[in-house]
Structures are given as structure tokens and as C-alpha cells.
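Derivation of every value follows stated rules applied to the coordinates shown; laboratory data play no part. Source: prediction; values computed, not measured. Cβ atoms come from the backbone with ideal geometry, glycine included; neighbour counts cover every protein chain shown.
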Amino acid sequence: MSATGPAPSPVSTATETAVPADPAPPAEVAVRWPPVWAMGGAALLTLLVATWWTLPGAVPGITAPGPLIEYGLPVARLILDLCALATVGLSLLPRFLGFDDPGRTEATLSRARSWAVLTAFGWTLAALAAMVLSAAEVTPGEAPDPAAYVARIGNGQGLVISAACALVYTCFGLLAVRFGEKVPAELRVAVAIFGLLPLPVSGHASNWYWHDLSMVSMELHVAAASAWTGGLVALGVLLARDRELLARALPRFSRLATVALVVVAVSGLFNGLVELALSPTTRLPGSLFTTHYGWLVVAKTVFAGVIAVLGANIRWRLLPGVARRQATAFAAWALLEITVMGLAYGVAVALTRAAVA
Amino acid sequence: MPTKGPVAVRRFLTVLLAACAALAVGAAPALAHNVLTGSDPKDGARFGSLPGQATLTFDQPVRADFAQMALTFPGGAVYKLDVLVAGNDVIATLPVSGEPGAYVIGYQILSNDGHPVSGKIGFTVTGPAGASPGTSSPLVTTTGGPLVEVAAAPPASGGGWVWGLLVVALLLSGLGILVVARQGRPAKGQDA
């Protein structure tokens, strides 16, 4: 966290007052990279700690998969998730910016379209890597057999479908690179989110009894979390230095974020508690604090609470100033919120693999 | 402009819900995480002689493929057991004899959600070495061990079609690359 969490101070924003007039469009998009490093670093940190903490002990007589798989598989899953949320967020950017002023937004959107293609390719590679590592995990000591794994296990099928959806996205993304926003943003968002939907199958998926409900809840959780986080990262990277565009995009993003916060919190709590409640060997109130799984649910809930507070701060304290094109500390606060989101994502990936009981 | 925002959000939510509905309809069969709920011998049990077989009971049906069990003898020697999967149970025939001491059964099954679930059951044999088999658990004592019939468990849905999907997606992606490469520089702006 130390590498990623600077104290919230108004960086990168001049302290002059409102600039109402629309300045000439900047020839170059001012890109801020800290949100990317914050997201990735924070997520990797919590993921490695949580993976190490929940690692099942060695079992006598059974070959252990080895650290390359024990840590490589979660990391591949994390890269998949981060690439996917970046793809979703970059695809949402046109919706946040609106289509009424292409002359002003085109430089930024063009950058977003190119990046989205790259993140979608990264998504594909990460999904296939995760599939091979999952196959290796079930046959420790032998060469992995991805074909058999995919043929038999829903997890493998889900990862391949997700990789295929990401490739379909690259097709639409490349068409958008060529033809601009004539390729509808909704289409790209839909393909990206559709590619996320097979993934909960590779988590604990759902339990035996409330299958349908928890499945839908999980899908909503994944889709809303990626739209919310990806949207904020896209704003933080591409718009934080552009007061005019930020003033257009942030109000729309804030509405989406409010909905996403509620969806993510409700669906996440529902799934986590149901998973614990239906675990046959533990009882619920206690298992929140006696099982690794319970602790991870608690940690994620705490992170979600912190994110909600930080989001509320942006929404109610900063948004009015941003909307008036004033200098605000949006970049710093967004960076902080993205860092906590990264922490939550790291825990989330560990949670998909931790034993429930 | 303020009117466009809610429209954008609403359209986004519509897309989201439509995608979820599409998936919920074709949702995969129940895939959950298997949890060990009981075993025979129990963890920490004591026996006069080596029991004839070991049974692990899970909370839900176990996949036959990739299930494995191993018995570790007091000296540290490891004996791979042949396993038979029957419903929620994973059954293995133990060797007919063994000296007194602490034994450990290690197991790993592939949970229905695709994760390996592993663990161990420890028990102690207190009786004399070479005790007759089957005194405590005489159910199955065939030393040959029932060979695992992987096909006995219904295989999950044939997943081969996903490779076809991947190939089609790859072709589409190649098409996209071609379109961009053919046109050289990307088009600037919307001239619509």
C-alpha cells in the first residue's frame, strides 16, 4: 500500500478559479498513470497476502501443485479481472462524455478505443493462461491437460468463453479504432460485460440450493463492480487533467456509481453470507470470524464501506466544483478510491479460491 | 446535456440486465464447492488394526475424475489408493496389513466448481503388526481394489464447443486487425 497511497492532497490541479470559457482543444491528451499503478499494486498486494494466508496446507501423499501454480493462477485471474474492468471502463467513456461535441472529445476517445483493444487482448491472454494453470492445478506433478480440463470442468469452459468474448471485443474495438464512434459504444460495453459473465462459474459459482438467485446476484456483482471501477479508472487516467471533459463526464459517472455501489454491496453481501450460511460444517455468525472465507468477506465489506465514503466525498463535496470547471482535488481523491478498489479486487480474487469452511 | 445522463445510465442498465437475463436462462448446472462432512475412519480415531476401507463423505456428489487418495504409513511410506466414487462418498480399500502407529489419509478431489479440495484424515493403529484385515470394517476387503471407473460418473457437458467459439472469435479479431491494417491510419473523428 505504501507504494500506492499518497495522502490525499490536491495534486495536478492548479489553484486558479473557474475557467468558464472552453479553451482550445488540447492537441494531446493529458494522461495520468498513477491510478493504473495504484489499482494494480494494491490489488497485487492484497491478493498475494490473502493467497498466502489461505493456502491449504500440504497433504501427505498428494503432490502439491507448487508455488508457480499456487500464486501464478490467482495472479493470472487478477490480470484477467483488471484487463476486463479496464476494457469495460474505456468502453463506457463515450457514454460518460456524450456525443454532442466530437471535436472536443475525439482525441480522448480515440485514445480510449485503442487502449481498449489492447486491454481486451490482455484479457484474452490472461484467461487462457488461467485456464492452463487451472488444468495444471488439478493434475499436480503431471503435464497439464487443458483439453480434458475444458471438456469436463465448467471453470475451464467459462475461461475459454470469456477469452472468446474478449476476442470478439477486439474485433468491435478494432472496427471502432477504424471507424470511430460510429461503432456503438453500447455494443462494445455489452460484449465486454458479456465476457465477464462466464467468470463467476470459475469462482465458487453458487451453492447447491439457491443456485439461480445467487448466480444472478454474482453476475450483477461482477458486472457492476467492473463498470464502476473501470469507469473511475478511465476517468482518473484520461480525464483528471481535463476540467472541461471531467465536468461533462463526472455527473454521469456518479449516477452510474451510485447504482453500482448499491448493486455491488447487496449482491456481494448476499453471496458471501449465503455461501457461509450453507456451508455444512460451520455456523454463520461465528464463521465470519473463524474461517478464512469469513474474514475475507469481512475485509471486502470494510473496503466497500470505505469506497462508499470516498465515493460520497467525490459526489457531494467535489462534484459541484468539478461541474463548475473549478480546480478540485478530484485526481487525488479518485486515486485514493481506486487504491481501495484495488485492495478489494485483490481480496475478491482470493475469495473465489478460498475454501469456504 | 443534463437530460442525456440518465438516459445513458438507463441504457447501460438495460444492456446489463439483458446480458444477465441471457446468461441466467442458459445458466450452467449447479456447480458448488464440495466440503468434507464426515469420514470413516474419523480424524483422530484409534483402531486395533488397520481398517479395511476408508470412506470420505462430502456434502454433495463428488466428481469421479481427478479424485485421489493416498495412505501414508507410520514410517513415511506412501501408498496410492484406488478410489471409487459413489454419490457423495469417496471410498478406498486400504492395504490388508500395517504396523502400529500413526497413519494419514491424504485426499484431493476436484470440487464441482473446478477447484481442488484437499485435506487429510489421521488415525492410529494400536494393535500388533500384521493384524487380520477387516476386523473393524469388514465391508470391502478385496485387495485388488475396485478400479476407478471415471466413466461411472456422468461427465459434465461436453465442452468441446467452446474451442469452436474461440476459433470463430479469433477469426473475427483477425478480421478487425485486417480492417485497421488495410486502412493504415485510423479515421480521425466522426464525419457523420
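Using C-alpha pairs under 8 Å with a sequence gap of at least 6, the mean separation divided by the residue count of chain A gives a relative contact order of 30 percent. Between A:Ser114 and A:Phe99, the modelled labels are 2.4 nm apart [label points 7 Å from Cα along Cα→Cβ]. By the equivalent-ellipsoid construction on the alpha carbon gyration tensor, chain A comes out with semi-axes of 36, 23, 17 Å, ordered largest to smallest. Bin all alpha-carbon pair distances of the range A:91-141 at 5 Å intervals from 0 and give each bin's fraction as a whole percent. The calculated distribution, bin by bin, is 4, 18, 17, 13, 10, 9, 9, 7, 6, 4, 2, 1. Using Cβ point charges alone (K and R +1, D and E -1), the dipole size of the range A:73-156 about the Cα centre works out to roughly 180 debye. A straight chain from A:Leu48 to A:Ala277 at 0.36 nm per residue would run longer than the Cα-Cα distance by 79.8 nm.
Among A:Ser114, A:Ser214, A:Ser226, sorting on how many other beta-carbon atoms sit within 10 Å of each Cβ, with the fewest leading, yields A:Ser114, A:Ser214, A:Ser226.
Residues of the range A:60-82 falling in the label zone of B:Glu99, defined by backbone nitrogen less than 12 Å from a point 7 Å along Cα to beta-carbon, are absent. Taking a straight line from the alpha carbon of A:Lys182, these aspartates and glutamates sit under 20 Å away, with near neighbours fewer than eight places off in the same chain left out: A:Asp100, A:Asp101, A:Glu106, B:Asp191.
When the Cα gyration tensor is reduced to axis lengths a ≥ b ≥ c, the ratio a/c is 1.5 or higher for the range A:119-253, and with a/b above b/c it is classed as prolate.
Shielding value for B:66-74 is 3, the average number of Cβ atoms from other chains within 10 Å of each residue's Cβ. For peptide B:105-112, the mean count of partner chain Cβ atoms within 10 Å of a residue's Cβ comes to 5. Neighbour counting of Cβ atoms within 10 Å sorts the residues A:Glu137, A:Glu337, fewest neighbours leading, into A:Glu137, A:Glu337.
Projecting the Cα atoms of A:Leu167, A:Ser134, A:Gly61 onto the charge dipole of chain A (Cβ charges, centred on the Cα centre) puts A:Leu167 farthest toward the positive pole. A straight Cα-to-Cα reach below 18 Å connects B:Lys42 with the aspartates and glutamates B:Asp59, B:Asp89, residues fewer than 8 places away in its own chain not being considered. Under a model in which nothing but the beta-carbon of Lys, Arg (+1) and Asp, Glu (-1) is charged, chain A shows a dipole of about 640 debye around its Cα centre.
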